[in-house]
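What follows is a single structure, written as structure tokens, with notes after it.
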Amino acid sequence: MSPYTVIIGLEVHVQLATESKLFCGCSTAFGAAPNTQICPVCLGMPGALPVMNRKAFELSLRTAAAINCQIARFTKWDRKQYYYPDLPKGYQISQYDLPFSHDGWLEISDPKGKFEPKRVGIIRAHLEEDAGKSMHDERAGLADSQIDLNRTGTPLLEIVSQPDMRSPAEAKAFLSELKLLLTYLGVSDCNMQEGSLRVDGNINLHIDTPGGKVATPIVEIKNMNSFRAVERALAYEAERLYEVWQETGQKLGDVPKQTRGWDDAANVTRGQRHKEESSDYRYFPDPDLVPVTVTDAVVEQVLASLGEMPVALRTRLETEFGLSAYDSDVLVNQGRALVDYFLHVATATGDGKLASNWLQQDVLRMLNERNWDIAAFPVTAPALAVLLKKVQAGELITSRAREVLQAMIDTGRSADEVMREKGIEQVDETELVALCQELVAANPKVAEDFKAGKMQAIGSLVGQAKKKNPNVNPGRVRELLIEALGKL
Amino acid sequence: MSLTELSAAELLQRLRSGEVSATDAAKACLDRIEQVNDRVNAIVRVDRAKVLEDAGKVDQKRAAGQPVGALAGLPVVVKDLLCTQGEPTTCGSRMLRDFSPPYDATAVAKLRSADGVILGKANLDEFAMGGSTESSIFGPTRNPWDTSRVAGGSSGGSAAAVAASLAPLAIGTDTGGSIRQPAGLCGITGLKPTYGRISRYGLIAFASSLDQIGPMAHSAEDCALLLEVLAGHDPRDATSVDRPVPQYRESLITPLKGLKLGVVKDHFGAGLDEEVAAAVERAIDVYRSLGAEIRDVALPHGRYGVATYYVIAPCEASSNLARYEGVHYGYRTDEGQLLAELDAERKQLLAAGDKRAAENLDTALVRMYRKSRSEGFGPEVKRRIMLGTYALSAGYYDAYYVKALKVRRLIRQDFDRAFEQVDLIVGPVTPSTAFKIGEKTNDPLAMYREDLYTVTANLAGIAGIAFPCGQSKAGLPIGVQLQSPPFQEETLLRAAHQFQMATDWHKRRPALEK
Amino acid sequence: MSLTRQDVEKVALLARLRLSTNELDALTEQLSKVVGYVEQLGELDTEGVAPMAHAVEVTNVFRDDAVQPSLPREQALASAPHHDDACFLVPAVLGD
């Protein structure tokens, strides 16, 4: 039993999937040469003015509705003021006291049962502009840093959770579920490598002491560049916080909130140096932008257009198709396109478990091997359904069907075409009976063994039948052989 | 009569009839600038070749029988706070001395597409912060009526350019009175339109929720002509209002009979110069004679206008001017010197054993910002940045900024109530006539009180116009101000025009010749 | 209320200004005067009054999500006091 409880809250920044920036027409495409996607507006040139991107606000509303947030009927934009060379106006356009959404939740669970399913509260989600990038090549020993403003002004949704997570595993599950949801909504590509999803964590401990529960100071952790890093950084920090508490006895409020950066290579968090000057962002309403009002009708419309979210989809796969919680989780976590693929195959074959098994064992394995997504998979859902129906009808045994599927993947042909090419066809029943009689007659030793009760003797005859005609169904051959031997 | 003494409407008539070419008009103005600008310092930059080229293009268009714009061939001076593509736009500041924006302000683009000829950029208080046009890096603008006195500000260059007959039309900006006050002090007509009437895109921001571009000229008729060109919705300015632009000139001749004109008693109390008060009273009599009905109205929160303004405007300014830090454009301090300075300070602190102070020394980047800004901005700009930063900082925000926003609402409500009773409000523009250059530079509060009669229109977002209604014994112009509800520029211009039909103050010109 | 020199120094750092001793002295006095003047707003009862941040009561102004051409890079960098072929340059920003 751990002597403490870990308290974790997360702040997630998500770049929204718009074509143009939040306040100007510059492209948001990733990877362009430095400073080729900037204009007077995002460069903060004198006299240039921001005008809000409608799509960015719509995507924000969709997201907030999907994480069960209250949508504000009146919202405004504020200036958050600080100096940094990647922030050309000297302020970031953000939202302060009246964010467009607040008080939502996201449900997380673990099919492996590492924690109980729970709702993680969302304090708020607000829309703001991203900053640029500053780059410093220390090895080159340059005196200057380079500033690239391509990213400046990209629409960014900041989602702040309640400190409701009690373990790094829960934090990871929250992020996975959020990312999945955002992907289902199509509001972001959530690519952490490209920075379209970024996470900061707030963590402290509630320690059981003889004198009661004690809360440690809160630490903010930055630079976590993958979900794995988030889990490891939080786990590391929990232990470090406990050690610090044992050494110093510092409680919440004794020291200012610390910011630490995760060093993935060294596997440690490191304190980030701060000046004595405390941050004073001097927020005030941006006079260049007007407020936005949202009507009840718009909120209803957004809610109605959300579609089926992952949580609902998992439940449907379990109740309608009889999948286990584990299986539904695996499929739903692959994204909507794969689920649609599954739904088609499962409906066409009328067997959800069969469809799920083939998807997990064959299709997903292939996707991973070739690094494809389902859209690139050469066998369409209807084509796979045709193949599986043949298995269901006993026209093909599973191992043979796998062979056929592999050929379908490699050649892009249908099951029937592949079977024809490989000479796989169903053998006529009379032909099969004749073959079995012939084999029984030609192998008197086997007949004797059979009579003596050695059932396994039939195996060699089945093998011979397959050699003579590879298309025979071994099960049926076995049945016919028993029948023929019995008649002797 | 010289071409430069004509009003814009008169000159336009001659341009249309072919009696005068755009090149003739441009040359006359350029020559006049050469003769007298060094005495008033109204215009800070003229590109003679470019002006003649632009004028020539308008003449070619006319000669070729192509359609021409509403201002075809009229020379216009533009306050050096509006962006002109590829040409220096300095705000009168060392910070932007070498800055040429890669875009035109919407108002400038509209001037060009109406075939106006941009004659040059006009002087101003640095970043439009001031009421005397003394704080520009180009030196003070002088009042054409008495060159020992200020022209007012911050659009002092634009006002003096018109008054000195350097150009028939000018564009100014008004954040707390910056069009109306210099118009009043220089004896010309200046209109601050309703907030949102003219796009602010490309207007270099001082206080974004108060700034508004407006026309300055000899007469209301000329202002109407220019406003028709400048007004209108702009998708690049979210605060520009999408409503039709009236043909302001068409209604100018409608008589004023039955117009209800409000007078605010408080405006004639202590602090108002007697000569100014008398001239404004006489202007009110003129209106009475024109059939207007004069009524008393109250604006009980008006006396809080200056205090409210000097919270809101510096707060917004401190934010708007944060972008000038010597990274992306504008002035940057000498870096070699900066690094040497930091190094010396660190050594000194360490030698004195103050390790903590040495550690907390500015980083090179922070010091670069601080030095660039301190060297790039003048004293009044720094004063306002400091004031705004203070008022927005933790612990003061509610007491100053939010409080001021609430009083701003009360001021607006006063106007709403008053305009239920009257069509326009009439009163003084400034407490006195033009003061001496240098007289108020060391007393910011005295300078701020100059805005007493004008700031409330900006706070409320309503329109106001100033025009000459008399002269002091010393021969200095005295202005009168009319204010209207939002988007009633038509009524404002009509009332000013009718006054100008009945009087000749707007036709008087200073004797600048030596 | 009057400001102390320390207040003014703190504000100067927030505003990224570096003031000389003379400027500090002058500003401490001038800002105190202006702040004192502004404090007359405290006389007014503004309970229940909605703050007015904008001069026009317009809402919901949007643009379509359409890509427009950006500035050519040379032009975007042209006004910068210090730049290389691709980027704006500033004195080293270490860490992040």
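Annotations for the structure displayed:
- Bridging of B:Lys192 to aspartates and glutamates at a Cα separation below 16 Å is possible for B:Asp174, B:Asp211, B:Glu221, B:Asp222, B:Glu228, B:Asp451, B:Glu489, B:Glu490, once same-chain residues fewer than 8 apart are set aside.
- The residues of the range A:72-163 expose on average 39 square angstrom of accessible surface per residue, using a 1.4 Å probe on protein heavy atoms.
- Greater than 24 Å apart at Cα, pairs in A:Lys257/B:Lys371; B:Lys121/C:Lys33; B:Lys382/B:Lys440; B:Lys406/B:Lys440: A:Lys257/B:Lys371; B:Lys121/C:Lys33; B:Lys406/B:Lys440
- The protein assembly as shown: calculated mean residue ellipticity at 222 nm from DSSP helix runs of at least 4, using -39500 (n - 2.57): -12000 deg cm²/dmol
- Summarising the strand pairing of chain A, around 90 percent of its internal DSSP beta bridges are antiparallel.
- Fraction of antiparallel bridges per DSSP, the protein assembly as shown only, in percent to nearest 5: 80 percent
- Heavy atoms of chains B and C lose about 5300 Å² of accessible surface on contact, summed over both sides with a 1.4 Å probe.
- Per the accessible-area calculation with a 1.4 Å probe, the total area buried between chain A and chain B rounds to 3100 Å².
- R0 of 35 Å, Cβ-Cβ distance B:Ala49-B:His233: FRET efficiency to nearest 0.05: 0.50
- With a 10 Å cut-off around each Cβ of A:49-62, the average count of Cβ atoms from other chains is 4.
- Residues whose placed amide H lies under 5 Å from that of A:Ala215, excluding near-sequence neighbours: A:Ile207, A:Leu252
- Pairwise Cα inverse-distance average, inverted: Kirkwood Rh of the range A:308-422 (Å): 14.3 Å
- Computed over protein heavy atoms with a 1.4 Å probe, the carbon and sulfur contribution to the accessible area of chain A reaches 50%.
- The packing ranking of peptides A:344-351, A:35-42, highest mean first, is A:35-42, A:344-351, where packing means the average number of other beta carbon atoms within 10 angstrom of each residue.
- Site pair B:Glu359 and B:Glu345 shows an inter-label distance of 1.8 nm when each label is modelled 7 Å from Cα along Cα→Cβ.
- Average beta-carbon neighbours from other chains, 10 Å sphere, peptide B:235-245: 5
- Proximal charge balance of C:Glu57 [Cβ under 14 Å; K/R count +1, D/E count -1]: +3
- Peptide A:32-38, shielding by other chains (average Cβ, 10 Å cutoff): 6
- Taking all Cα pairs closer than 8 Å and separated by 6 or more residues, the relative contact order of the range A:192-305 comes to 22 percent.
- Separation of alpha-carbon centers, the range B:388-432 and the range A:341-410, rounded to whole Å: 72 Å
- Part-to-part distance (alpha-carbon centres) for the range A:7-62 and the range B:282-313, which is given in Å: 45 Å
- Apportionment of accessible area to carbon and sulfur, the range B:325-376, percent (1.4 Å): 53 percent
- Straight Cα distances below 13 angstrom link A:Lys76 to the aspartates and glutamates A:Asp97, A:Glu128, A:Asp286, A:Asp288, C:Glu57, with same-chain residues fewer than 8 positions distant left out.
- Average accessible surface area per residue within the range A:308-422, 1.4 Å rolling probe, Å²: 47 Å²
- Filter on A:Lys80/C:Lys10; A:Lys21/A:Lys89; A:Lys390/A:Lys466; B:Lys257/B:Lys507; A:Lys80/A:Lys172 - keep pairs with C-alpha separation over 21 Å: B:Lys257/B:Lys507; A:Lys80/A:Lys172
- The calculated FRET efficiency for the pair C:Leu24 and A:Arg73, based on their C-beta separation and a Förster distance of 51 Å, comes to about 0.60.
- Rounded to 5, percent antiparallel among DSSP beta bridges of chain B: 65 percent
- Annotation for B:Gln337 and B:Arg288: the two label points, set 7 Å from Cα along the Cα-Cβ direction, are 6.3 nm apart.
- For A:Met192, the accessible surface of its heavy atoms amounts to roughly 30 Å² (probe 1.4 Å, protein chains only, rounded to the nearest 10).
- Rg and Dmax [Cα atoms of chain B; Å; Rg one decimal, Dmax integer]: 23.1, 82
- Over chain A, relative contact order from alpha-carbon pairs under 8 Å, at least 6 apart, %: 14 percent
- Of A:Ala125, A:Ser94, A:Gln146, farthest towards positive along the dipole that unit charges on Lys, Arg, Asp, Glu beta carbons give the range A:4-297: A:Ala125
- Cross-link partners of A:Lys467 among lysines, defined as those whose alpha carbon lies under 17 angstrom from its own and excluding same-chain residues fewer than eight positions apart: A:Lys422.
- Kirkwood Rh in Å, taken over chain A so that all alpha-carbon pairs contribute: 27.3 Å
- Modelled FRET efficiency - R0 22 Å, A:Lys466 with A:Arg365, Cβ distances, 0.05 increments: 0.25
- Percent RCO, i.e. relative contact order, over the range A:31-109, from Cα pairs under 8 Å lying at least 6 residues apart: 30 percent
- Cα centroid separation, the range B:1-62 to the range A:435-488 (Å): 114 Å
- Kirkwood-based Rg to Rh ratio, the protein assembly as shown, C-alpha trace: 1.13
- Chains A and C together, accessible area buried on both sides, 1.4 angstrom probe, square angstrom: 3700 Å²
- Note on B:Phe268 and A:Thr398: the model spin-label points, each 7 Å out from Cα along the C-beta direction, lie 10.3 nm apart.
- Accessible area of the range B:254-347 divided out per residue, in Å², using a probe of 1.4 angstrom: 40 Å²
- To the nearest ten degrees, helix B:305-320 and the longest principal axis of the Cα atoms of chain B are 60 degrees apart.
- GNM flexibility winner over chain C from C:Ala66, C:Ala78, C:Ala55 (Cα, springs under 10 Å): C:Ala78
- Rg and Dmax, both from the Cα atoms of the range B:250-362 and both in Å, are 28.9, 82.
- A:Val290 long-range amide H proximity, modeled H, under 5 Å: C:Val61
The values are calculated or read from the model by the stated rules, or taken from the named source; none is laboratory data. Note that this is a predicted model, so its numbers are computed, not measured. Heads up, the Cβs are rebuilt from the backbone with ideal geometry, glycines too, and the neighbour counts pull from every protein chain shown. Only protein heavy atoms, including side chains, enter the accessible area calculation; ligands, DNA and RNA are left aside. Shrake-Rupley method; radii C 1.70, N 1.55, O 1.52, S 1.80 Å.
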